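J.: Take this structure, written in structure tokens, and hold onto it; I'll ask about it next.
The values are calculated or read from the model by the stated rules, or taken from the named source; none is laboratory data. Nothing here was measured: the structure is a model prediction, and the numbers come from that model. Using ideal geometry, Cβ is built from the backbone for each residue, glycine included, and neighbour counts are taken over all protein chains shown. Quick note on the areas: whole protein, heavy atoms, side chains included, nothing else; ligands and nucleic acids left out. Shrake-Rupley method; radii C 1.70, N 1.55, O 1.52, S 1.80 Å.
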Amino acid sequence: MPRARDALPVCDGVSLTCGEPVATLASVMRNTRLRYPALGILVLGVIAALLLTYRLSHVWFVWLAVMVGIVVLSVVLVVLARDGWRQTSPESLNSRGFRPGTVRGMGVMDPGLRRDYSPILPAAVTRRRTATRAPRPAARPAVRPAASPTAAATPARSGRARRRNETLQPDATITLAAERRAAGIDDLFLELDLELIGLIPVKRKVEEIGSLLLVDRARQRFGLSASRPNLHMCFTGAPGTGKTTVALMMADLLHRLGYLEKGHLVHAMRDDLVAEYIGQTAPKTKAVLERAMGGVLFIDEAYTLYRAEDSKDYGQECIDILMQVMENQRDKLVVILAGYKDRMDRFFDSNPGMSSRVAHHLDFADYEVDELLSIGQLMLDRTSYYLSDEAEATLRDYLSVRMTQPRFANARSVRNELENARLRHAFRLAADPERQWTKDDLMRLEPSDVLP
């Protein structure tokens, strides 16, 4: 049975059994009713000790030394008591996982100060003032809902293409029209036909690639496995012939059919891949490849990667990394090289390994005058403008001459000329601010707008 002096009342219904002076002082300070009287008694004791010392010894330095010693001892006791009070408070014990009335003879460790209070509190016991709380009922095991048959039969999706996991029976039949609708590529081919003027061979090649992937998709439903086709491509042609537009549509097509995870397009040129100093090309190239993973990497003017006349050029290092990725990770990335036909031919002659890794070559021929006019009318329709009959004849004559001049960029040159026509049209209307203009006046371009 503990002695009477070891059982000290404390606040919040917790009793502390301790035989050490510091722990006793800590228990007193935890009691809000005894804290301030105890501090008052301590201060009075210090004053009485000082007076007694001064009475017995009239030497001032002895009196001063005793006074300093008593003050230091008092401060140390107060600090230790405060720390013990904090570490043994109900809030501190609860925060460290100790519950009242559950642990006897425990040691208390302060994780912040890294000090063990077990020697000071050898028999700390906590209990509630009220009756012992009833034990908690055992937690009920979590029951996961069983997967519904419809959820189990839900086909996995890859982008917008719906992959059907079930294997069809050998005597089953399917239609490629249903597969096209399931993949959602009908609108893509319609857009390809409407948005691109001319380019009949290019459209046919894109439809051939789409048909190959569609049939491969249908074969997989019957369990017929086949190696993944090589989808790396090369687009050759002059600027403004639609290479970037077709590359974007190709990325969308491969994504819908499930051959690309993301279907995005990353546009890169030599400056994005090749560095100027040794040791910087590889990280630069790998960073671009990492961004393009799951989609299409479109390298414009790819022939500039190789410069045979420059012995200090690091383009060959970039080409080597590209060839390795194109071979080993062709299921995660499609690379499209683009540039002028003659320069790309020389590029492939200098790098036979790159040529063997490109399976599809699409040549984008220059547009004829009628095709350029159709492209111009398509651009104007998108912006709610149109050409008058005289303005259309003027634009035809202008393009016929411009096509024979240097730096002609096909559809880009048409777009730039129509942008200039809109500027002249707006300036012509603003020159007469008091005139009443109709809706048709705000939409119609005149010959003076097309050619000043």
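J.: Accessible surface of I375 in the full protein assembly, 1.4 angstrom probe, to the nearest 10 Å²?
T.: 20 Å²
J.: While we're on this one: Ordering E317, E208, E309 from largest to smallest accessible area (1.4 angstrom probe), what's the sequence?
T.: Values: E317 70, E208 90, E309 150 Å².
The ordering from most to least exposed comes out as E309, E208, E317.
J.: Using a 1.4 Å probe over the heavy atoms of the protein chains, calculate the carbon and sulfur portion of the accessible area of segment 218-270 as a whole percent. Don't jump to the answer; show the numbers that get you there.
T.: Numbers: 1000 of 1870 Å².
Accessible surface attributable to carbon and sulfur in segment 218-270 totals 54 percent.
J.: On to the next question. Output wanted: per-residue J couplings in Hz (rounded whole) for segment 403-418, from phi through Karplus 6.51 cos²θ - 1.76 cosθ + 1.60, θ = phi - 60°, x for Gly and Pro.
T.: For segment 403-418, the Karplus curve yields 5, 8, 9, x, 6, 7, 10, 6, 5, 5, 5, 5, 4, 5, 5, 5 Hz.
J.: Here's something else I'd like to know. Give a quick list of chymotrypsin sites (Phe, Trp or Tyr not before Pro) in segment 400-452 that DSSP marks as loop, anything other than H, G, I, E or B, with at most 14 other Cβ atoms within 10 Å. The partial results should precede the final answer.
T.: Details: sites: F408, F427, W437; in loops: F408, W437.
Hits after loop and neighbour filter: W437.
J.: Also: Give me a comma-separated list of calculated 3J(HN,Hα) values for segment 180-189, in order, Karplus coefficients 6.51, -1.76, 1.60 applied at θ = phi - 60°, integers in Hz, x for any Gly or Pro.
T.: 5, 5, 5, 7, x, 9, 5, 5, 5, 5
J.: Ignoring solvent entirely, what values of log10 I(q)/I(0) come out of the Debye formula for segment 189-284 at 0.14, 0.21 Å⁻¹ when each Cα is a single scatterer?
T.: Values, matching the q order: -0.68, -1.12.
J.: Here's another thing I want to ask about it. With a cut-off of 12 Å, note down the residues of segment 182-217 whose backbone N falls inside the zone around a label point 7 Å from the Cα of L168 toward its beta carbon.
T.: 215-217, by backbone N distance to the label point.
J.: Give the long-range amide H neighbours of F364: residues separated by 5 or more places, or on another chain, with amide H under 5 Å away, using H modelled in the peptide plane at 1.01 Å from N.
T.: T236, G237
J.: Could I ask something else about it? Could you tell me the calculated FRET efficiency between R412 and K312, based on Cβ-Cβ distance and R0 = 22 angstrom, to the nearest 0.05?
T.: On the way: r = 34 Å, r/R0 = 1.54.
E between R412 and K312, to the nearest 0.05, is 0.05.
J.: Right, something else. What do you get for chymotrypsin sites (Phe, Trp or Tyr not before Pro) in segment 266-342 restricted to DSSP loop and a cutoff of at most 16 other Cβ within 10 Å of the site's Cβ? Please report the intermediate quantities before stating the final value.
T.: On the way: sites: Y277, F298, Y303, Y306, Y314, Y340; in loops: Y277, Y306, Y314, Y340.
Loop-located and lightly packed - Y277, Y340.
J.: What does the convex hull of the alpha-carbon atoms of segment 318-452 project to on average, in nm²? Write out the running numbers ahead of the final one.
T.: On the way: hull surface 47.8 nm².
Averaged projected area of segment 318-452's Cα convex hull equals 11.9 nm².
J.: R291 to K332: extension gain in nm, 0.36 nm per residue of separation minus the Cα-Cα distance?
T.: Value of the extension gain: 13.6 nm.
J.: Next question. Find, among the trypsin sites (Lys or Arg not before Pro) in segment 418-452, those assigned to loop by DSSP (not H, G, I, E, B) with at most 12 other beta-carbon atoms within 10 angstrom. Don't skip to the answer; put the middle values down first.
T.: Values: sites: R422, R424, R428, R435, K439, R444; in loops: R435.
Taking segment 418-452 and a limit of 12 other Cβ atoms within 10 Å, the loop trypsin sites (Lys or Arg not before Pro) found are R435.
J.: Normalise the Debye intensity by I(0) for segment 319-392, one equal point scatterer per Cα, no solvent, then take log10 at q = 0.21 Å⁻¹ and round to two decimals.
T.: Rounded to two decimals, the profile gives -0.92.
J.: Out of every Cα-Cα pair in segment 226-355, what percent are more than 23 Å apart? Spell out each step's value before the answer.
T.: Values: 2478 of 8385 pairs.
Within segment 226-355, distances greater than 23 Å cover 30 percent of Cα pairs.
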